[in-house]
Amino acid sequence: MTVVTRFAPSPTGSLHVGNVRTALHNWLWARKHGGRFLLRIDDTDLERSREEYVDGIRADLSWLGLDVDGEERQSARFDLYEREFDRLKAAGRVYACYETPEELDIRRKVLLSRGLPPVYERKPADAAVPEGVAPHWRFKLDHDSPIAWTDMVRGDQNFEPKTMSDPVIRRADGSWLYLLPSVIDDIDMGITHVVRGEDHVSNTAAQIQMFDALGAKPPQFAHEALLVGTEGKLSKRLGSLGMANLRDEGIEPIALVALLARLGTSDPVEPVTSVAPLIASIDFARFGRAPARFDEAELALLNQKILHHTYYAAVAPRLPAAITEARWNAIRPNLMTVAEAAEWSAVFDGPFTPPAPEEADRPVIEAAAAAVSGLEWDAGAWPALTGAVKDATGAKGRALFLPLRRALTGRDHGPDMAELLPLIVKDQAIARLSAT
Ligand code: GLU
């Protein structure tokens with residue numbers, strides 16, 4: 001069996017970390033099994049779907065490195081839905097309904113006030129059909145077939161169809177609701193595993209009967225616990241958790257992927273620089289049932305850790321020319337984002353005006369200025385410089401190193417000076433130490 005998964009967003013908005021997580025898990029599962037990962041654009045709602053969101057979804061998946069093996073659009077498949085709908089109608093599995101939303105609402109309230117579950121009541125077959133009213137359509141659940149499946153995350157699931165309302169699958173204007181087209185597509189595209197949020201569990205119960213009614217075996221299901229933000233619901237902050245914003249903040253795609261792959265699972269989140277270990281480890285049995293908590297601070301920290309061992313070749317196209325491989329290797333342990341590397345260009349090559357040293361530090365700087373010109377500009381430069389200053393002034397430890405670091409880099413903290421110094425243009429170093 002070739003594994004086939006799909007990510008099925010509705011193009012009515014931009015992707016955020018919640019739906020990216022679902023996409024990622026589908027992708028990882030397909031890659032782990034040498035299968036196929038499809039992008040299915042669920043654009044049956046022609047009013048709310050927008051081409052710019054479709055483009056955005058493609059761009060975001062590509063930025064994340066989630067390559068797709070095929071793309072399908074529901075809006076191009078209406079003929080197929082129509083045919084399958086007719087088939088179900090002929091088999092008595094869909095039927096016309098004429099209630100208005102107000103009537104349904106009143107009925108629901110009556111049932112609830114009697115302490116009964118608000119399940120839709122089918123009309124008798126000979127009920128009067130109102131004239132001039134276009135019907136909407138429901139799928140007729142088979143009350144005699146209990147619904148059961150073994151969910152890859154949630155284990156055994158059981159639903160009693162008698163306690164469920166026959167779901168509306170098509171509106172009076174002929175437009176489709178999500179449930180039936182999704183099943184038709186999953187069958188037609190040979191989807192073997194459906195990975196989605198647990199908010200779809202009750203949809204799955206109804207859809208399992210639709211697979212059955214259409215003569216197909218349902219795929220395997222994995223319903224993952226929802227993602228929540230540090231302060232509860234994610235939906236409140238979706239704008240800031242969109243891909244464009246995370247990219248602007250300097251988050252590397254691999255950092256987001258590394259976090260979302262493992263969050264809420266019993267595998268630890270690790271600062272990986274490739275997806276290989278994430279593909280190898282994905283296992284829905286290791287996914288927890290409790291909501292997974294997404295924390296931007298955790299993402300920023302992971303991003304930083306990943307940069308610390310990211311190879312030059314992986315970032316070179318995004319670095320200013322001044323940041324050579326040796327320079328990248330020296331500064332990467334101190335970066336939060338790749339963009340920050342640019343701030344080091346001036347430290348290496350100038351222009352750079354050192355801060356005026358504190359009075360007490362002047363002897364150290366002066367001794368350094370006297371020694372620097374004569375040094376070999378290689379890995380021994382820093383020990384030689386500090387050795388000479390120490391001999392001349394007696395300064396040691398912090399009193400020796402900090403003034404030199406400040407004069408040479410303008411900062412109190414930063415990369416190892418022994419690695420950094422020979423990467424600074426020598427004339428620049430001389431000028432900085434002599435500037436006082
Ligand atoms: N378009 C549906 C959604 O975004 C797809 C759900 C599914 O994966 O079946 O919720």
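Out of curiosity, is LEU301 out of contact with any helix residue (DSSP H, G or I) (no Cβ under 7 Å at 6 or more places or on another chain) and in a helix (DSSP H, G or I)?
yes
Of the residues that sit in the range 153-186 and are closer than 15 Å to PHE211 by Cβ and more than 13 Å from the ligand (Cβ to nearest atom), which one is farthest from the chain's Cα centre (by Cα)?
Residue satisfying both the conditions and the ranking: PRO161.
Answer yes or no: is there a residue in the range 94-103 that is within 40 Å of the chain's Cα centre (by Cα), surrounded by fewer than 15 Cβ atoms within 10 Å (Cβ to Cβ) and closer than 30 Å to GLY34 by Cα.
no
Return the residue satisfying two criteria in turn: it lies in the range 134-152 and is more than 16 Å from the ligand (Cβ to nearest atom) and under 30 Å from THR2 (Cα atoms), and of such residues it is surrounded by the most Cβ atoms within 10 Å (Cβ to Cβ).
Only one residue fits best here, namely ILE147.
For the range 262-290, what are the residues that are surrounded by fewer than 14 Cβ atoms within 10 Å (Cβ to Cβ), of a type in the set (A, V, I, L, M) and under 19 Å from GLY155 (Cα atoms)?
If the condition is that a residue be surrounded by fewer than 14 Cβ atoms within 10 Å (Cβ to Cβ), of a type in the set (A, V, I, L, M) and under 19 Å from GLY155 (Cα atoms), then ALA285, ALA290 are the ones that fit.
Quick one: which helices (runs of 4 or more DSSP H) sit completely within the range 1-116 and have at least 1 residues that are within 13 Å of the ligand (Cβ to nearest atom) and small (Gly, Ala, Ser)?
Of the helices (runs of 4 or more DSSP H) lying wholly inside the range 1-116, those with at least 1 residues that are within 13 Å of the ligand (Cβ to nearest atom) and small (Gly, Ala, Ser) span 17-32.
Here's the yes/no breakdown for (1) in contact with a helix residue (DSSP H, G or I) (Cβ under 8 Å, 6 or more places away or on another chain); (2) within 30 Å of GLY250 (Cα to Cα); (3) of a type in the set (Asp, Glu); (4) surrounded by 17 or more Cβ atoms within 10 Å (Cβ to Cβ):
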{"site": "VAL347", "(1), (2), (3), (4)": "yes, yes, no, yes"}
{"site": "ASP361", "(1), (2), (3), (4)": "yes, no, yes, yes"}
{"site": "ALA369", "(1), (2), (3), (4)": "yes, no, no, yes"}
{"site": "LEU385", "(1), (2), (3), (4)": "yes, no, no, yes"}
{"site": "LEU400", "(1), (2), (3), (4)": "yes, no, no, yes"}
{"site": "ARG405", "(1), (2), (3), (4)": "yes, yes, no, yes"}
{"site": "PRO415", "(1), (2), (3), (4)": "yes, yes, no, yes"}
{"site": "ILE430", "(1), (2), (3), (4)": "yes, no, no, no"}
{"site": "LEU433", "(1), (2), (3), (4)": "yes, no, no, yes"}
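So which of ASP156, ASP166, ASP186 ends up being acidic (Asp, Glu) and touching a Leu at 6+ places or on another chain (Cβ under 9 Å)?
Among ASP156, ASP166, ASP186, only ASP166 is acidic (Asp, Glu) and touching a Leu at 6+ places or on another chain (Cβ under 9 Å).
Residues of the range 83-93 being surrounded by 13 or more Cβ atoms within 10 Å (Cβ to Cβ) and without any contact (Cβ under 8 Å) to a residue 60 or more places away in the chain, which ones?
LYS89
What tally of residues in the range 245-289 results from selecting those that are over 18 Å from GLU224 (Cβ atoms) and of a type in the set (Ser, Thr, Tyr)?
Final tally of qualifying residues: 2.
Looking at the range 415-431, I want the residues that are of a type in the set (Phe, Trp, Tyr) and have a partner that is not in a loop (DSSP other than H, G, I, E, B) with Cβ atoms under 8 Å, at least 6 apart or on another chain. Which pairs are those?
Pairs that qualify, where the first residue is of a type in the set (Phe, Trp, Tyr) and the partner is not in a loop (DSSP other than H, G, I, E, B): there are none.
Would you check if there is a residue in the range 303-312 being touching a strand residue (DSSP E or B) at 6+ places or on another chain (Cβ under 7 Å), within 21 Å of GLY18 (Cα to Cα) and modelled with pLDDT of 95 or more?
no
Just to be sure before I move on: is ARG293 within 15 Å of the chain's Cα centre (by Cα), surrounded by fewer than 17 Cβ atoms within 10 Å (Cβ to Cβ) and in a helix (DSSP H, G or I) in the structure I sent?
no
The values are calculated or read from the model by the stated rules, or taken from the named source; none is laboratory data. Predicted model only: the values in this text are computed from it and were never measured. Neighbour counts run over all protein chains shown; Cβ positions are idealised from the backbone, glycine included.
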